[in-house]
Amino acid sequence: MVSGASVGLNILLAVKQVPDVSELRLDPVTHSLLREGVPSVLNPYDRYALEAGLRLKEIHGGRLTVVSMGPPQARKALQESLALGADEAVLLTDRAFAAADTWATAYTLSVFAKTLPFNMVLTGLKAIDGETSQVGAELAEFLDIPHASYVRKIDLREDMQGVTIERQLENGYDVWELPLPCLLMVAKEFGQPRLATLQGYIRAKRQKIRILTAHDLEALGANSANFGLKGSPTFIPKVSPPPAKPPGTIWSGDPKDSVRKLVDALSREGFV
Amino acid sequence: MSAQSQFGVVTDSETLRRLAEYKGIWTYAEVESGQLTEVSLELLTGARSIAKKTGEQVASVLVGQEVERFVAELSAFGADKVFVIQDPRLRSYASDSYTEAVAQLTREKKPSVFLFGANRNARDLASRLAGRLNTGLAADCIKLEVNERGQLEQIRPDFGGKELSVVLAPRHRPQMTTIRPGSYRKQEPDYSRVSSSEYFVPKLSENHCRIKVLKNVRQPIDPSEDIEKATVLVSGGMGLRSKENFELLRRLAGLFGNASVAGTRSVCEKGWLPSSVQVGQSGKTVSPKLYFAVGLSGAIQHLVGMQNSEIVVAINSDAEAQIFKVCTYGIVGDLFQVVPLLIDEIKKVRVERKLMRETVTVGTPAGDP
Ligand SMILES: Cc1cc2nc3c(=O)[nH]c(=O)nc-3n(C[C@H](O)[C@H](O)[C@H](O)COP(=O)(O)OP(=O)(O)OC[C@H]3O[C@@H](n4cnc5c(N)ncnc54)[C@H](O)[C@@H]3O)c2cc1C
Ligand SMILES: Nc1ncnc2c1ncn2[C@@H]1O[C@H](COP(=O)(O)O)[C@@H](O)[C@H]1O
């Protein structure tokens with residue numbers, strides 16, 4: 001799992017293709033989520049992880065491999081990553097992976113990760129569709145390497161055996177030292193992510209994306225019972241629109257009059 | 001959907017027997033900057049509500065160095081039992097040592113439910129722990145129910161709050177959940193409640209403590225920005241038009257005790273308010289007694305953060321604004337007219353009431369109320 005010192009930094013970065021949440025609309029009648037035709041984008045949080053990976057590579061040299069588990073369309077997220085400067089991209093795609101929860105997602109990613117000579121794994125802090133922030137830590141667990149979340153600063157030791165990081169918390173920050181290999185979940189406080197250049201896009205178009213199916217992962221030693229919905233400890237039996245409240249009392253017209261009625265009501269509730 | 005519902009029904013006796021070994025509703029009692037976090041106390045309310053339905057006990061897990069002093073507080077807020085894991089190596093949070101310590105206790109005691117606050121460190125711990133225990137974890141839930149099969153229904157807003165999902169873990173124990181701060185209100189403490197405490201000594205090897213914590217830097221939170229604790233919140237949106245105009249909301253807030261000013265994401269992104277006071281899906285969940293929603297549209301991502309408020313007052317010039325669908329009282333009008341009038345009217349009513357009380361005391365014979 002650890003590369004020899006001569007190889008330099010070997011970074012594996014997990015990225016996700018997500019629906020553009022701001023484009024999601026509710027059906028005006030049923031209030032259920034309309035998913036069709038919603039554009040997909042590279043998870044915005046993963047751009048910070050990419051930024052971290054690219055900067056580390058610029059300083060220390062090495063290789064950056066991006067991996068994604070998802071439907072064939074997830075190629076787009078990988079292509080974007082290549083355009084930004086990743087060296088290699090791998091897509092884990094199979095119907096068997098569908099409806100994976102965070103545990104099954106992390107498991108599936110870990111099977112592939114174990115085939116690489118990585119010494120650092122990076123992930124985004126969360127994916128904007130599920131917003132769980134769980135996959136990073138669970139992936140680190142399956143790889144049996146230490147991890148840190150909410151990472152805003154990364155200092156790699158010269159000998160590449162350890163890393164000092166800062167973690168952004170609600171009311172301050174922590175400074176930790178981790179041995180390599182380790183997994184870091186990168187926070188947006190890390191710094192403004194770069195944009196891909198036109199040359200980047202042109203280069204990315206020529207790069208091949210490696211595809212691995214469930215069958216391929218089984219050949220690498222995966223237990224297919226752990227894939228997708230079947231392998232997921234959690235599942236979602238039902239979704240519903242947020243409940244509607246009983247209608248409130250609403251005044252319009254003369255503002256003076258409305259305000260008087262409101263203050264009356266608030267007095268009755270004991271606030272005035 | 002029906003196929004998926006079937007999926008939640010566990011029938012084979014071997015699995016049922018295994019699941020039945022797990023008993024107890026647990027909460028993780030997080031210590032931060034020398035005290036228990038608010039959400040650690042709120043979790044006990046959620047835990048008790050489940051325990052009431054399943055007939056189980058509520059236990060809290062305390063981890064750190066010299067943390068036994070928090071046992072009394074946890075029992076006062078609802079714990080029947082407290083597990084204390086004390087070790088100098090657990091002085092401050094590190095994902096590897098904490099995970100292993102809590103995992104050892106959990107494997108030995110087998111709780112059926114394990115709740116964590118959705119604070120950064122606690123959800124970090126919960127994620128890694130779920131991986132180690134090979135169980136499910138539902139993130140950022142706002143409500144818990146127990147279904148007719150005795151399974152924990154973990155309810156969470158998905159897709160930026162556009163949907164509410166129910167998460168089940170039918171075949172795995174413990175059923176683990178992180179709960180957003182503010183989702184439950186902590187109980188009135190009862191310091192006469194006694195709980196039992198049990199000390200647990202984890203077996204930590206070098207390999208479990210690979211992370212070195214070099215520094216913990218903490219800045220105290222400005223009380224005016226501590227919106228999760230406010231009784232009254234005056235929240236503003238893009239309708240305020242400028243940073244300066246928030247002074248108007250500060251004046252309104254100034255009329256109430258324990259009141260703070262908060263806002264929507266758009267407002268915080270503009271820099272009109274600090275991001276620490278953003279209410280909603282990607283901000284904070286609040287549950288004040290009174291919530292003023294002023295010049296904000298009531299986007300679903302905002303609503304999920306404030307829907308537990310007891311009374312919602314909406315002030316918006318657009319009668320069609322979503323916020324009017326969730327308000328208790330609403331005024332359709334220009335906030336720059338309505339809010340100053342409201343401030344004056346509240347002051348006026350208070351002065352009148354004071355005067356009345358004084359006249360009554362002066363004018364009535366002693367003995368008469
Ligand atoms: C993934 C995701 C997460 C998000 N998370 C959050 C979150 O945590 N919190 C959050 O708040 N938003 C969040 N949002 C953004 C959310 O969708 C809305 O864009 C935002 O809440 C709108 O803010 P607003 O109500 O201030 O502005 P607007 O929607 O522009 O509303 C302004 C309102 O002011 C009223 N108004 C204007 N002038 C006056 C006047 N003179 N008097 C009275 N009323 C007036 C208007 O009628 C209008 O209703 C999120 C979005 C996404 C996609
Ligand atoms: N299907 C996936 N494929 C690759 N990486 C993923 C996938 N899902 C989540 N991740 C990674 O895990 C991070 C956290 O996601 P989540 O736990 O789903 O909020 C993301 O920012 C990605 O880096």
Anchor residue B:212: lysines whose Cα lies under 24 Å away (excluding residues fewer than 8 positions away in-chain): A:153, A:188, B:203
Cα lying deepest toward the dipole's positive end in the stretch A:120-180, options A:176, A:151, A:137, charges on Cβ: A:151
Part-to-part distance (alpha-carbon centres) for the stretch A:164-182 and the stretch B:31-57, which is given in Å: 28
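Tell me whether the protein assembly as shown comes out rounded, prolate or oblate; compute the Cα gyration tensor, take square roots of the eigenvalues as a ≥ b ≥ c, and use a/c under 1.5 as the rounded threshold.
prolate
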Inter-chain Cβ neighbour average for residues A:125-132, partner chain, 10 Å: 4
Share, in percent, of DSSP beta bridges within chain B that are antiparallel, nearest 5: 20
Whole-Hz ³J(HN,Hα) from phi, Karplus 6.51 cos²θ - 1.76 cosθ + 1.60, for the stretch A:124-133, glycine and proline x: x, 6, 7, 9, 6, 7, x, 6, 9, 6
Å² per residue, accessible surface of the stretch B:13-208 at 1.4 Å: 36
Violating pairs (Cα-Cα greater than 24 angstrom) within the set B:52/B:143; B:23/B:53; A:238/B:53; B:109/B:215: B:109/B:215
Magnitude of the charge dipole, the stretch A:140-272, Cβ model with Lys/Arg +1 and Asp/Glu -1, debye to 20: 860
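Pull up the DSSP beta bridges for the stretch B:5-162 and report the antiparallel fraction as a percent, rounded to 5.
Roughly 30 percent of the DSSP beta bridges within the stretch B:5-162 come out antiparallel.
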Of B:247, B:145, B:228, the one that fluctuates the most in a GNM where chain B has Cα springs shorter than 10 Å: B:247
Neighbourhood charge, 12 Å Cβ-Cβ cut-off, centred on residue B:106 and excluding it, Lys, Arg +1 and Asp, Glu -1: +3
Residue of A:135, A:38, A:163 that the Gaussian network model of chain A assigns the largest fluctuation, springs spanning Cα pairs under 10 Å: A:38
Sequence ranges B:57-68, A:228-239, ranked by mean other-Cβ count within 10 angstrom, highest first: B:57-68, A:228-239
Simple Cβ-charge dipole of the protein assembly as shown, Lys/Arg +1 and Asp/Glu -1, about Cα centre, in debye nearest 20: 480
Dipole in debye (nearest 20) - the stretch A:194-272, about Cα centre, beta carbon charges: Lys, Arg +1; Asp, Glu -1: 560
DSSP beta bridge pairing in the stretch A:9-226, given as percent antiparallel to the nearest 5: 40
0 to 90° range, to nearest 10: angle between helix B:120-133 axis and chain B longest Cα axis: 30
Residue-wise HN-Hα coupling along the stretch B:241-246, computed from phi with Karplus coefficients 6.51, -1.76, 1.60 (Hz; x: Gly, Pro): 6, 7, 4, 4, 5, 5
Vicinal HN-Hα couplings computed from phi for the stretch B:197-206 (Karplus, 6.51 cos²θ - 1.76 cosθ + 1.60; Hz; Gly/Pro x): 10, 9, 8, 10, 9, x, 9, 9, 9, 3
Burial ranking of peptide ranges A:88-97, B:205-214, B:127-136 (average Cβ count within 10 Å, highest at the top): B:127-136, A:88-97, B:205-214
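The values are calculated or read from the model by the stated rules, or taken from the named source; none is laboratory data. Predicted model only: the values in this text are computed from it and were never measured. Using ideal geometry, Cβ is built from the backbone for each residue, glycine included, and neighbour counts are taken over all protein chains shown. When the accessible area is computed, the model is the full protein with side chains, heavy atoms only, and any ligands, DNA or RNA have been set aside. Shrake-Rupley method; radii C 1.70, N 1.55, O 1.52, S 1.80 Å.
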